[in-house]
1. For the chain, what is the calculated [θ] at 222 nm in deg cm²/dmol (nearest 500), taking -39500 (n - 2.57) for each run of four or more DSSP H residues and dividing by its residue count?
2. May I have the count of lysine pairs in the chain with C-alpha atoms under 30 Å apart, counting pairs 8 or more residues apart or located on different chains?
3. Which value, in Å², gives the accessible area per residue of segment 68-154 when a 1.4 Å probe is used on the protein heavy atoms?
4. Based on the alpha-carbon gyration tensor of segment 13-86 and its eigenvalue square roots a ≥ b ≥ c, which shape applies: rounded if a/c is under 1.5, prolate if not and a/b is larger than b/c, or oblate?
5. Stretch residue 89-residue 50 to full length: gain in nm at 0.36 nm per residue minus the Cα-Cα span?
6. Across the chain, where is the longest run that never hits trypsin sites (Lys or Arg not before Pro) in a DSSP loop with at most 16 other C-beta atoms within 10 Å?
7. Using a 1.4 Å probe on the protein chains only, how many percent of the accessible area of the chain belongs to carbon and sulfur?
8. Give the residue from 107, 74, 132 lying farthest towards the positive end of the charge dipole for segment 45-147; charges sit on Cβ (+1 for Lys and Arg, -1 for Asp and Glu) and the dipole is referred to the Cα centre.
Amino acid sequence: MKGVILRKGERAYSYFSGVFSAIFPAVVERNWLITGYENYPEALEPYGGNLGREAFFWVPGERLEEIVRQQDYPWYWGILSGFKREVPLHQVISYGLPYADGYTGFWKNPISIQHPMADIEIVAWDSALTLLISRDEAIAQAFRNAYPRSEDLETYNLGEPESEEWRKIWEEAELYYGDGAKGE
C-alpha cells in the first residue's frame, strides 16, 4: 500500500483530469464509487444513488474520465474509490461509504484505503490538497512522477502534521467550516 499527498506547487488542487492522466489506464480499468463530495461535475447525476441518507455515484471508469476531462475544475471534497470491474455495486455498498471531511485515518500510519474492497482511493481534501492511496505501488509512483512536488504520505505523517503550515490549514478550515456557517 502506498500513499501520496499533493499540497505544493499547483495553481489549485483536486483537478482530477491531471490526476487521471497521471495514472492512466488505471482509471478506465475500474468502476468508481464517489462519496463525500462537494463541487462535482453535473454530468455525474445519472450515476447517482442513495444508501439511506448517504448519497453516492457509481460510474464506469471510461465515463468518469470523459466527464472529468469535459468538466475540469477543482472538487472541494470527495472520495473516489476505484474497484476492479468484477466487484458488484451491491457488495460495495454493503460497507460504510468512505468520506473525506472529518476522516482522520489519512493522517495515521500505516496508511490504508477506507473501503476494504477498493484498490485505489483518490481524495479531494477541502480543495487544499489531493491524496492518492493505492494497493499498487506503481500507480502511486506514476502519480509521483507526474507531480514531482508530491510527497510520500507515510513520511508526511511522521512529522509534518505538527508544523506551523499544517496548523494554519486546519485553523483556516475550522474558521470556514467550523460550525457549518461558512464565512461567519
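1. For the chain, the value works out to -8000 deg cm²/dmol.
2. 10
3. Roughly 44 Å² per residue, with all protein chains present.
4. oblate
5. Between residue 89 and residue 50, full extension yields 12.8 nm more.
6. In the chain, the maximal stretch lacking such sites is 12-52.
7. That fraction is 49 percent.
8. 107
The values are calculated or read from the model by the stated rules, or taken from the named source; none is laboratory data. Since this is a predicted model, take the numbers as computed values, not measurements. Backbone-built Cβ (ideal geometry, glycine too); neighbour counts: all protein chains shown. Each accessible area value is taken on the protein alone, full model and side chains, heavy atoms only, with ligands, DNA and RNA left out. Shrake-Rupley method; radii C 1.70, N 1.55, O 1.52, S 1.80 Å.
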